[in-house]
Structures are given as C-alpha cells and as structure tokens.
Amino acid sequence: MPGMDEIMNVRAPKTPPVGALNFALLLGANAILGSAMPMMIILGALAGLLLAPTPALATLPASVSTLAGLVAAAPFSLFMGRYGRRAGFMVGAVVAGLGAAAGVVGVMQSSFVLLLLGHFAIGAALACFQFFRFAAAEVVPERWKPVAISLMLTSGLLAAFAGPEVFARTKDLLAPIPFAGAYGAIILLNVIGVIPLLFLRGSQAPQRQDAAATSPVRVAQVLRRPAVAVAIAAAAVSQGVMVLLMVPTPIAMVGCGFGEATAGDVVRWHVVAMFAPSFFTGFLIKRFGATRIVMTGLALLGGSGVIAASGVTLPHFYGALIVLGLGWNFGFVGATSLLADALAPQERPSVQGLNDTVIALCASLCAFASGALVNGAGWTVLALMALPIVGGMAIALLWAARQRQAVV
C-alpha cells in the first residue's frame, strides 16, 4: 500500500503486498491493544467506587486516565516522528502493561493511590494508540484518507466485544480480591498486542525532523488557520461530551439497581456504536464532506443527552449510550479527516500531538466534572449539560464554514 514506508520509516521498496501486510498487522495490533479501553471504562468506575474514600471521587481513576492523555499525547507524537510508529506503539504497550500491574497491586492492597497511578499509565498508553488513526491516513492516497481513518477505527469493534467479555470472565479470577484478575488480563492483552508489530517489515531508521516546522512559532501559525482550529475543537468537543456521559454511566446504573454485568453490557454496545459506523463514515465524508458529518455527530451527541435525561430505565441507558457512540464516531472521524486534510506532512508530529493534548484536556475536565455532577446535581442534570456544549460547537463550525466560503 503506497506510503507505508513513511509511517513505519522503512527504506524497503514500496510494494503493494508489503504495504497491505503491514496495514493488516496494524489493524490487528490496534484491535488487541484497544481492548483495554472498554475494560478501563468499567474498571475505572467500579474499582474506583470500591476504593475511593468518598463516592464523589469514584470517577477519579477515569479522570486521571484522560488527564494522562493530556500529558502523554505530545511526547508520544514527537517520539513517533523521530523513531517511527512501530516503536511508539510498542512503548505504549509496555506502559499499559505496567499500569495494569499497578492496578493489580492496588486492588490487592486496597490502595486508591496505586489504582490512580495504574489508570494514569493505561490512559497514557491509550493516548498513544490513538495515533493509529493518523497512521491510517498516511498510508493511502490523498482522496482515500477519510476511508482509511474510518476503517482503522473499525478494529475497535473487536475491542468493543472482547473488552467487556474479558472483564466479565476475569474480574473474579483472583477472588476474593475483586477486579484483580481483570487488571491482570490487561497485561496479557498488551503482550499479545505487541506480536503483530513484531512482524512489520522494514527497518526502523529515524526520520529527519524539520526544526522549523516543529518550532513554537510555526505551530502557533498553523493553529491560526481556521480549518486547523475548528478540526481540533470539534474533536475535543466530541471526545469531551462522550466522556462526560460515558464515565459515570456504570455508577448511575448501579445506583439505579442494575448489576455490574448489565452495566458492562451497556458499555459494550456503546463501544460498538462508537466503531461500527466506521465501515461507512469515511465514504459519507467523501460524499457529503467532513463538515456535514461533524454536524451530524454533534446533533447525535445532543440527542444522547436528551435520551439520558428523559429516564433511568434500561432502554434509556442503552439508547443514550448507543446514540452517544454514534455521535462520537461521526464527530471524531469527521474532525480527524478535517485535520488530516489541513496539515502538511512536516507539520504532523507537532500539531497532531497538540491536537490529542487538547482532546485529552477537554476529556479530563469532563471526566472530573462528571463525578461531582452525578453525585451532586444528579444524572439528569449531568445529561443536559451536553446540550449547550454541542450547541456552541455547532455554531462555531457553521461560522468557520461560512468564513471559508467567503474566502473562496
């Protein structure tokens, strides 16, 4: 597949069979490594509720996970720019494994601090794995970028089914210590996820860095482009609203009398809804444009808040989280496509890292707020908080689109 040499820093000839094999291996690695994500959602809420000194801090593990992305996204992006995608993803797997080990020890010793450290490390690793989507955009011709981004995210479907299933089968594996087995399973997932990366073909020679392109002044100039600023903001809002409603859902469901397994199944279908549309989102972007797809995503995110606020029955939880996943997919994939189109190759390492840093900051704020809101104001008020956020982003997106039309 053309362009794989650029991603993997390979000097071998660009032959389609090698490129196709490497792309398939990247898909497999992303699916396996990403399986920790739904497990972390469930564990962050339930283990947090178990060990937190107060219920208001139950979402703190999930919050520090998103905060880790704020810290780790830019360094991982620059590291990959220098040493290649494969080296970066392998380092991410090691970090995730160490974080899961801290989670095992944390629940065994009833240490909330160790639990937080473990989730911080796992969150940093998941921020690293987010760069699989940019890798997808770099291996294909320009006009196929949206499809490549979208198809790379379809590997999350395996994670959506595998993650909650692994959690359910391993959470009591080290009984009577709850959840220790599930954290141990995350270690194993990361060991397995590294295997496809080992078979990637080609050497890992460092890329040459353009110092001018990565300088603070140059990055600031890039960020002043409306297309870049809007793309980053749309991705951050899509991620933030998704986190705001997703993180406290297991806590809200347990508080309403539903079991842990039921909460896990709701999260499962939420993650399915996040990634299943990726089979066709890229084609929709090619047909209708990224801006319209992002607007559709924002409308769905707002609709999710309305569904969640309208009741606390099981259909309400399923409906809200499924629509939330769909909205995230359209908003996030659309915004990623906008950013990929707006950046030159030499601008990618620094600006993509900053993009994911901003996303992590927004997600962290929403995760921190969700714990206080669900335990204070309640689930309904928390759900309605999504509406002004997506409404403001929609207005900004429309304004930016009109500005571009005026320039043209």
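Observations on the structure shown:
- Our helix-only sum for the chain, with -39,500 (n - 2.57) per DSSP H run of n ≥ 4 divided by its residues, gives a mean residue ellipticity at 222 nm of -26500 deg cm²/dmol.
- Kyte-Doolittle at least -1.0, axis length at least 27 Å by Cα - qualifying DSSP helices, the chain: 60-83, 85-108, 180-198, 226-246, 290-309, 314-342, 348-375, 386-407
- Anisotropy class of region 238-277 from Cα gyration tensor, a/c 1.5 cut: oblate
- Part-to-part distance (alpha-carbon centres) for region 33-85 and region 116-170, which is given in Å: 14 Å
- Size of electric dipole in region 218-295: Cβ of Lys, Arg +1 and of Asp, Glu -1, about Cα centre, debye, nearest 20: 660 debye
- Modelled spin-label separation between GLU142 and PHE199, with each label point placed 7 Å from Cα along the Cα-to-Cβ direction: 3.5 nm.
- Share of carbon and sulfur in the accessible area of region 59-182 stands at 73%, probe radius 1.4 Å.
- Placing unit charges on the Cβ atoms only, positive for Lys and Arg and negative for Asp and Glu, gives the chain a dipole magnitude near 1000 debye about its Cα centre.
- Full extension of the segment from ALA175 to PHE288, taken as 0.36 nm per residue of separation minus the current Cα-Cα distance, would add 35.5 nm.
- Rolling a 1.4 Å probe over the heavy atoms of the protein chains gives region 251-332 an accessible area of 36 Å² per residue.
- Peptides 48-61, 121-134 ranked from most to least packed give 121-134, 48-61, packing being the mean of other C-beta atoms within 10 angstrom over each peptide's residues.
- Among 38-47, 157-166, the peptide with the highest mean count of other Cβ atoms within 10 Å heads the list, and the full ranking is 38-47, 157-166.
- Label point distance in nm, SER111-ALA56, each placed 7 Å from Cα along Cα→Cβ: 2.6 nm
- Compared with the alpha-carbon gap, the fully stretched path from PHE280 to ALA377 is longer by 31.1 nm at 0.36 nm per residue.
- Cα gyration tensor shape of region 235-383, rounded if a/c is under 1.5, else prolate or oblate by comparing a/b with b/c: prolate
- Overall form of the chain per C-alpha gyration tensor (a/c, 1.5; a/b vs b/c): oblate
- Additional length obtainable on full extension of the chain from GLN346 to LEU384, 0.36 nm per residue less Cα span: 9.6 nm
The values are calculated or read from the model by the stated rules, or taken from the named source; none is laboratory data. The model shown is predicted, which means the values in this text are computed figures rather than measured ones. Backbone-built Cβ (ideal geometry, glycine too); neighbour counts: all protein chains shown. SASA here: full protein model, heavy atoms, side chains in, ligands and nucleic acids out. Shrake-Rupley method; radii C 1.70, N 1.55, O 1.52, S 1.80 Å.
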